[in-house]
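J.: Here it is, the structure, as structure tokens.
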Amino acid sequence: MSDECLTPQEDWKGVYVKSEDYRKNCGGCGRGYHGNRWDAHHILPAVVFGSVTDPFIHECLRSTDFDINKAYALGGLPKLTAFILYFQKDPTMAFKKRKEKTVTMRRWGKVQQYANQAHIPVAFPGDLPVHNPCNWGHTDYIKDVADYLESNVWASLRSMKKKNKHPTPEQIKALLEQAVTDFWDDLVSIGQGPGGGGFSGVEANLRNRYDKAKNGWWKPLCMSKNVKSAPVSPSLA
């Protein structure tokens with residue numbers, strides 16, 4: 001089932017498809033990174049709700065006013081180029097083009113500020129995973145969210161139904177909000193966590209990606225702990 005199936009009708013309170021203003025809403029969410037080359041991230045992606053086929057879960061989603069496009073369900077994440085923009089003028093940051101495995105990383109020294117962000121000082125994006133390119137774990141992240149919702153949210157709602165306790169809109173929304181909190185906490189934890197060679201955080205792993213951190217340097221930059229090897233661009237594979 002595609003996310004088109006979850007397009008809100010007149011009697012739907014919940015919104016589970018991307019809106020035109022979600023980036024604007026994310027800009028004021030107070031969570032994550034909103035500097036040069038930032039992305040608005042749906043913490044619970046629309047495609048996950050589009051895969052729901054259970055009519056009972058549809059009714060639950062219909063009844064609560066959870067909205068994936070509101071600030072409380074969004075977070076700012078850097079593009080990979082946000083890190084390159086910051087570090088490319090740092091002579092102490094190692095860069096060996098022949099060793100880079102992705103087209104984006106090979107752009108080192110060529111990343112510019114977007115015209116509409118030229119007024120924003122270039123700053124370190126922080127210890128946060130990369131949202132784009134998506135091969136840095138976004139696909140795995142979507143599966144992680146889908147598995148979590150099945151095990152922790154949909155299962156809880158079905159359990160209530162079996163006990164003849166129909167979940168209230170407030171209970172449904174609370175479960176979804178907890179999922180948002182859990183996954184944002186996971187993203188922050190991944191970005192701050194260990195990579196290769198025992199290094200923690202994005203900067204330490206980037207600085208040591210050719211030697212001490214080479215076996216896992218990318219981990220703090222990935223959106224899912226299930227990314228087992230360094231992302232490689234198909235054109236360079």
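No lab work stands behind these numbers, since they all come straight from the coordinates. Quick caveat: nothing in here was measured; it's all calculated off a predicted structure. Every residue, glycine as well, gets a Cβ built from its backbone with ideal geometry; the counts of neighbours run over all protein chains shown.
J.: Within segment 62-140, report the chymotrypsin sites (Phe, Trp or Tyr not before Pro) that DSSP leaves as loop and that have at most 13 other Cβ atoms within 10 Å.
T.: Y114
J.: Calculate the translational D of segment 1-121 in whole µm² s⁻¹ from Stokes-Einstein, where the hydrodynamic radius comes from the Kirkwood formula applied to all Cα pairs, the temperature is 20 °C and the viscosity 1.002 mPa s.
T.: Estimated diffusion coefficient is 127 µm²/s.
J.: Specify the longest stretch of the chain that does not include any exposed loop site, a site being one of the trypsin sites (Lys or Arg not before Pro) with a non-H, G, I, E, B DSSP assignment and at most 11 other Cβ atoms within 10 Å.
T.: The longest uninterrupted stretch comes out as 1-88.
J.: Please work out the C-alpha center-to-center distance from segment 197-237 to segment 9-78 and express it in whole Å.
T.: Cα centroid to Cα centroid, the span is 29 Å.
J.: If you don't mind, there's one more thing I want to ask. Given the pairs K89/K225; K101/K143; K18/K228; K99/K219, which span a C-alpha to C-alpha distance of over 19 angstrom in this model?
T.: K89/K225; K101/K143; K18/K228
J.: May I ask you to evaluate 6.51 cos²θ - 1.76 cosθ + 1.60, the Karplus curve with θ = phi - 60°, for each residue of segment 12-23 and list the ³J(HN,Hα) values in order in whole Hz, giving x for glycine and proline?
T.: Each residue of segment 12-23 in turn: 8, 9, x, 10, 10, 10, 5, 9, 6, 10, 5, 5 Hz.
J.: Sticking with this one: Loop-only chymotrypsin sites (Phe, Trp or Tyr not before Pro) in segment 147-237, please: DSSP not H, G, I, E or B, and at most 16 other Cβ atoms within 10 Å.
T.: Loop-located and lightly packed - Y210.
J.: Pick the calculated Rg and Dmax of the Cα atoms in Å for this structure from (1) 26.3, 82; (2) 18.0, 58; (3) 19.6, 65?
T.: Derived directly from the coordinates: (3).
J.: If I take R0 = 41 Å and measure r between the Cβ atoms of K96 and I120 in this structure, what FRET efficiency does the formula 1/(1 + (r/R0)^6) give, to the nearest 0.05? Walk me through the intermediate numbers first.
T.: Details: r = 29 Å, r/R0 = 0.71.
E(calc), rounded to 0.05, equals 0.90.
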